[in-house]
Amino acid sequence: MGNERFGKTHTPRMNSPIKQQLDKDFWIRSKIMMTGFRLNLSPLKEPLGFVKLVEWLTAIFAFGSCGGFSGRNIISLFCGDGRNETLNANFHYPFRLSQFPLIEGNATICNNSVTATYMVGDSASSSEFFVGIAIICFLYSMIALLVYLGYMHVYKDSDFGPIFDFLITAALVFLWLVCSSAWAKGLQNVKDATDTDGLSATLGFCKGNNITCEVTEFANLRTLNISVVFGYLNMFVWAGNAWFVYKETRWHSQKFSTQSGPARQQVPAPI
């Protein structure tokens with residue numbers, strides 16, 4: 001009896017805390033596997049992903065056409081004694097024109113002694129605001145595309161993803177309107193400060209003394225004009241995308257179910 005008593009082997013039961021911890025670890029590993037990266041290019045064939053790709057491209061054109069600008073206007077000075085002289089008006093992004101000299105140090109121009117003269121105007125705040133919003137949209141579009149193409153199953157699994165995406169998209173629509181309007185006004189100020197009237201007003205000796213000042217060669221501002229166009233284009237593209245993102249939220253699904261609910265209840269009973 002004693003040998004039988006001590007010869008039996010008993011399999012110890014697993015303590016409940018250990019079992020709970022193992023179950024928790026298994027659930028975490030399963031969740032990680034479920035939410036892992038899954039490459040799927042099909043969202044690019046749908047408006048949600050395709051428009052986001054367009055937003056990514058238009059943001060590149062917006063900040064590239066503005067942030068990379070550099071230009072020069074040539075001012076011809078027609079002196080009263082028949083001589084001609086020229087001045088260079090160089091300017092570039094971010095368009096702090098008051099930091100760009102027209103005349104460096106003391107000089108003699110058309111027999112007139114002049115001191116250091118700088119251009120007038122500062123459009124740095126509007127141009128930097130515009131470029132900043134474009135860069136933010138570029139980065140956000142790139143992250144959103146990564147989510148759409150690799151984590152769409154996670155994106156649609158909860159309400160947080162679509163609602164967060166919609167709120168950010170709606171906010172960027174408003175910011176595109178503000179920054180594009182501000183930059184359009186700032187660009188007009190740059191044009192006014194660098195044309196013949198603006199530079200003649202800055203150069204004091206052009207106001208008399210038989211000296212005529214005229215801008216004979218203008219910088220090509222086409223890329224800056226294009227940047228404004230892309231700014232407003234981005235606003236419309238993001239506004240359109242906001243609708244497709246809204247359709248992914250529970251707000252749209254609840255509205256649709258609320259409208260279709262009464263219709264189902266009005267079906268007459270069979271006689």
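The values are calculated or read from the model by the stated rules, or taken from the named source; none is laboratory data. Here the structure is a predicted model, which means the values were calculated and not measured. Here the Cβ is made from the backbone with ideal geometry for all residues, glycine too, and neighbour counts use every protein chain on show. Please note that ligands, DNA and RNA were not included when accessible areas were found on the heavy atoms of the full protein model with its side chains. Shrake-Rupley method; radii C 1.70, N 1.55, O 1.52, S 1.80 Å.
Computed values, structure above
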read-out: Residue count for the stretch 187-205, restricted to those that are closer than 25 Å to Phe129 by Cβ and open to solvent by less than 70 Å² (accessible area, probe 1.4 Å); value: 8
read-out: Hits in the stretch 148-167 - residues which are crowded, with 16+ Cβ neighbours inside 10 Å and either hydrophobic (A, V, I, L, M, F, W, C) or touching a helix residue (DSSP H, G or I) at 6+ places or on another chain (Cβ under 8 Å) (or both); value: Tyr148, Leu149, Met152, Val154, Tyr155, Gly161, Pro162, Ile163, Asp165, Phe166
read-out: Test: residue in the stretch 56-67 that is part of a strand (DSSP E or B) and open to solvent by 40 Å² or more (accessible area, probe 1.4 Å); value: no
read-out: Only one of Leu77, Leu57, Leu87 that is modelled with pLDDT of 95 or more and either hydrophobic (A, V, I, L, M, F, W, C) or under 37 Å from the mean Cα position of the chain (by Cα) (or both); value: Leu57
read-out: Residue among Gly105, Gly82, Gly121 that alone is open to solvent by 50 Å² or more (accessible area, probe 1.4 Å) and part of a loop (DSSP other than H, G, I, E, B); value: Gly82
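Residues checked against (1) in contact with a Phe, Trp or Tyr (Cβ under 8 Å, 6 or more places away or on another chain); (2) at pLDDT below 85; (3) open to solvent by 70 Å² or more (accessible area, probe 1.4 Å); (4) not aromatic (Phe, Trp, Tyr):
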residue	(1), (2), (3), (4)
Lys207	no, yes, yes, yes
Phe218	no, no, yes, no
Arg222	no, no, yes, yes
Ser227	yes, no, no, yes
Met235	yes, no, no, yes
